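Every number here is computed from the coordinates shown, using simple stated rules; none is lab data. Just so it is clear, the model here is predicted, and its values are computed rather than measured. Methodologically, a virtual Cβ is constructed for each residue, glycine included, from the backbone with ideal geometry; neighbour enumeration extends over all protein chains shown.
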Amino acid sequence: MSELRYANRPFRVGVQLQPQHADYVALRRAVDAAEDAGVDVILTWDHFFPLAGDRGGKHFECWTMLAAWAEQTERAELSALVTCNSYRNPDLLADMARTIDHISGGRLILGIGAGWFEKDYDEYGYEFGTPGGRITALGEALPRIRSRWSRLNPPPMRPIPILVGGGGERKTLRLVAEHADIWHGFGNVETLARKNRVLDEWCAKVGRDPGEIERSTSAHSGPEELGKQLVAIGERLITVGTDGTSGFDLALVRDWLQFRDEHNADLSERS
């Protein structure tokens, strides 16, 4: 995949404020700090229990929290990384997303995936099923969500961007090509480069311009190690995760924000 396809797309930085092992007042402070720092997107995740540390530790629900963040913030886009498709009826989810889109003044991204954390399913009474079945259900939900948006009154304030998370090359990346505005992938640079090529191939098969899909991933180290490599393979949205165990430390986020600003300044000079 050539960098030229993405050469004119600005680089963006998100922070995933993982709602585990903290009181809500700490999350609220972290949201303010993230927006003040200048992040482009503030994200959470859609789980019912911590994913690390004490699995019975403090934790908060995704979508009610996004609604509060929509009122609290003024500039950053908001999303889940990612909503579990299994937990809510697709038409209900569409209405929830539309409502938060209005609360935020048109800043919601619908991040969604097939689901994977079995404890959530078991504890809350959802059928876990199989990976293939969950991906099939996601494929059925995405057009229902768009259809519901078209029938809601009032409609969303903008065409709500859809971010699909996951990396399955036979099914998930096809859904990305068909439905997503943003693809969030996982893995090292070589894995992401290969999966980006696979996504480009799916776009060709379904008649989609691959340049329409923003490429996104998570970063666990700084831009001095990864920045230029990720830009070279087309990644344009980098998300850093932090949680209550670190006091929602934003040091790594700020390193990426500096990289973003320098990259985008160079982009402006070249254009």
Over 33 Å [Cα-Cα, the stretch 3-270], rounded percent: 16
The stretch 3-270 - percent relative contact order, Cα under 8 Å, separation 6 or more: 23
Magnitude of the charge dipole, the stretch 36-117, Cβ model with Lys/Arg +1 and Asp/Glu -1, debye to 20: 200
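Classify the stretch 88-202 from the C-alpha gyration tensor, please: rounded if a/c falls under 1.5, else prolate or oblate depending on whether a/b exceeds b/c.
Because a/c hits 1.5 or more and a/b fails to exceed b/c, the stretch 88-202 counts as oblate.
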Long-range lysine pairs (8 or more apart or interchain), the chain, Cα under 25 Å: 6
Inverse mean reciprocal Cα-Cα distance (Kirkwood Rh) of the stretch 147-246, Å: 14.8
Environment charge at Ile109 (Cβ cut-off 9 Å; Lys +1, Arg +1, Asp -1, Glu -1): -1
Stretchable slack from Glu71 to Asp209, in nm (0.36 nm times residue separation minus alpha-carbon distance): 46.2 nm
Neighbourhood charge, 11 Å Cβ-Cβ cut-off, centred on Arg88 and excluding it, Lys, Arg +1 and Asp, Glu -1: -3
Relative exposure of Trp63, Trp69, Trp183, Trp116, judged by other C-beta atoms within 10 Å (fewest first): Trp116, Trp63, Trp69, Trp183
Most mobile of Leu27, Leu43, Leu92 in a GNM of the chain (Cα contacts under 10 Å): Leu92
Sorted peptide list for 94-107, 256-269, criterion being average Cβ within 10 angstrom, highest first: 94-107, 256-269
